[in-house]
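Participant: One structure is given below, represented as structure tokens, and several questions about it will come after.
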Amino acid sequence: MTTCRVCGTHIGAPSYEAPAPALTSGTTLLDVPTRVFVCGTCGHAQSDDIPDIQAFYDTEYRISLSSENHDQIFSVAADGTITYRTDHQAALSLRLLDLPEGASILDYGAAKADTLRKMTAARKDLRPHVFEVSSDYAPAWQGWVPEAAQATYSVPEAWQGTFDAVMSHFVIEHVADPVGFLRTVRDLMRPGGIFLFSVPDVAGNPGDMAVADHLNHFSAASIEHAVASAGFDVQTVDSTSFPGAFFVVARRAEAPIEKAAPSADAADAAKRARDICAFWNQAAETLKDGVERYGKRKVAIYGAGFYGSWIYGRIGEAVDVVAFLDRNENMKGATLFGVPVLPPEELPQEAEALFIGLNPLKARAAIAAQPWLKRTGLDHVWL
């Protein structure tokens, strides 16, 4: 029995359960099982806390620190042009926030704050501030964020009630108390201030359901419940501008609501969450079959992100993984779990099977567009 982090309802048995290892969003393996619980009252899904969560985010969660230019691919156009995630995120944030001249903005849970840096490059009038629960990212802030506008571990008391806008991209899914997090943000804003945050949308990216350090798997219904409970009025819940994610705009209200009412859409959201959990249960069985067929033989994995890493965590000890394939230019020459990451067209001839580690909603179209992945004798294993 566990308690919903959003509405407080008691939840019974998990809808998805897998033995160790668990995989984090930073593609590291944890020696813990993965369990996902779905709340039928507000449509929220959640995973167990990870061990020593504070130390994990302080010293182990080093997102985007592998190289100075590390970024993730957002989209690839028909002509091969790549758009990176933070470029799209910055443009979308500026559009959704519609900030006034000279606005003070805080990136709360900033990491390297690449999105905010690109926003301030486009809008030099903005007054940027950054906060993070680790000091590892501070070198990335130097030269464009004033020292007095930087904070780590705790927010200065002087910042309370001062910001025109607060931004928090892909942070709230990591926290054990999402409503408390939202209330903390509210206290940092001036009356009428705007909060923009983004979280994964499991309906658009089912992989999020199996991410160990994503403690919260939000639906539109559970977002609205959490935001209202924390004292915000929802302005926008955008699930189309960034496929696989919700971008939420909320305005600080006069006071938090004592108890928010569940959305009429909560039951549908809960059903979708349970369906995604069923997919992951089936995916685990598919990989068991793949291991039985290709045990100790040479295979490759397409995708060096979460899906590919999750596959490796399930099969890496039983088969000989000779390469990960990925189109991200920033991963050229890299290794993952000690295995080289190669462009797809350099698929090793010795590989007898290709395990497809991509979002299953997009995987078949992505593979179909690359004829060199259809060579004779190469089997494809799909999640």
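Participant: Among the residues of the range 156-166, write down those that are in contact (Cβ under 8 Å) with a residue 40 or more places away in the chain and assigned to a loop (DSSP other than H, G, I, E, B).
Facilitator: If the condition is that a residue be in contact (Cβ under 8 Å) with a residue 40 or more places away in the chain and assigned to a loop (DSSP other than H, G, I, E, B), then THR162 is the only one that fits.
Participant: Follow-up. Give me the pairs: first residue in the range 180-193 and of a type in the set (Val, Ile, Thr), second residue open to solvent by less than 20 Å² (accessible area, probe 1.4 Å) and in a strand (DSSP E or B), beta-carbon distance under 7 Å, and six or more apart or on different chains, which are they?
Facilitator: Final answer for the pair search is VAL185/VAL166; VAL185/SER168; VAL185/PHE195.
Matching residues to (1) in a strand (DSSP E or B); (2) open to solvent by less than 40 Å² (accessible area, probe 1.4 Å); (3) modelled with pLDDT under 90:
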| site | (1), (2), (3) |
| --- | --- |
| ALA304 | no, yes, no |
| ALA318 | no, yes, no |
| VAL341 | yes, yes, no |
| GLU345 | no, no, no |
| GLN349 | no, no, no |
| ARG375 | no, no, yes |
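Participant: Just name the residue that is surrounded by the fewest Cβ atoms within 10 Å (Cβ to Cβ) out of those in the range 174-213 that are part of a loop (DSSP other than H, G, I, E, B) and aliphatic (A, V, I, L, M).
Facilitator: ALA176
Participant: Further question: Say we look at the range 245-283 and pick out the residues that are touching a Ser or Thr at 6+ places or on another chain (Cβ under 9 Å) and among the polar types (S, T, N, Q); which of these is surrounded by the fewest Cβ atoms within 10 Å (Cβ to Cβ)?
Facilitator: Only one residue fits best here, namely ASN281.
Participant: Same structure, new question: Yes or no: LEU325 within 17 Å of LYS374 (Cα to Cα) and in contact with a Pro (Cβ under 9 Å, 6 or more places away or on another chain)?
Facilitator: Considered against the rule, which asks whether it is within 17 Å of LYS374 (Cα to Cα) and in contact with a Pro (Cβ under 9 Å, 6 or more places away or on another chain), LEU325 comes out as yes.
Participant: Then there's this: Looking only at the range 284-291, decide whether some residue is out of contact with any helix residue (DSSP H, G or I) (no Cβ under 9 Å at 6 or more places or on another chain), of a type in the set (Gly, Ala, Ser), open to solvent by 10 Å² or more (accessible area, probe 1.4 Å) and outside any strand (DSSP E or B).
Facilitator: no
Participant: Still on this structure, please answer the following. How many residues, within the range 137-152, are at pLDDT 95 or above and in a loop (DSSP other than H, G, I, E, B)?
Facilitator: Matching residues across the range 137-152 total 5.
Participant: In addition: Here is a list of conditions, (1) of a type outside the set (S, T, N, Q); (2) in a strand (DSSP E or B); (3) under 30 Å from VAL32 (Cα atoms), and ALA221 meets all of them except one; can you say which number that is?
Facilitator: It is condition (2) that ALA221 fails.
Participant: Hey, another quick one. From (1) of a type in the set (A, V, I, L, M); (2) outside any helix (DSSP H, G or I); (3) under 18 Å from ALA250 (Cα atoms); (4) open to solvent by 30 Å² or more (accessible area, probe 1.4 Å), pick out the condition that doesn't hold for ILE105.
Facilitator: (4)
Participant: I'd like to check something: does the range 230-244 contain any residue that is among the small types (Gly, Ala, Ser), surrounded by fewer than 20 Cβ atoms within 10 Å (Cβ to Cβ) and part of a helix (DSSP H, G or I)?
Facilitator: No.
This table checks each residue for (1) in contact with a Leu (Cβ under 6 Å, 6 or more places away or on another chain); (2) at pLDDT below 95.
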residue	(1), (2)
CYS4	no, no
VAL36	no, no
CYS42	no, no
SER47	yes, no
LEU65	no, yes
GLN72	no, yes
ALA77	no, yes
ARG85	no, yes
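The values are calculated or read from the model by the stated rules, or taken from the named source; none is laboratory data. All values derive from a computational prediction rather than experimental measurement. Neighbour counts are summed over all protein chains in view; Cβ atoms, including those assigned to glycine, are modelled from backbone coordinates with ideal geometry. In case anyone asks, the SASA skips ligands and DNA or RNA and just uses the protein heavy atoms, side chains included. Shrake-Rupley method; radii C 1.70, N 1.55, O 1.52, S 1.80 Å.
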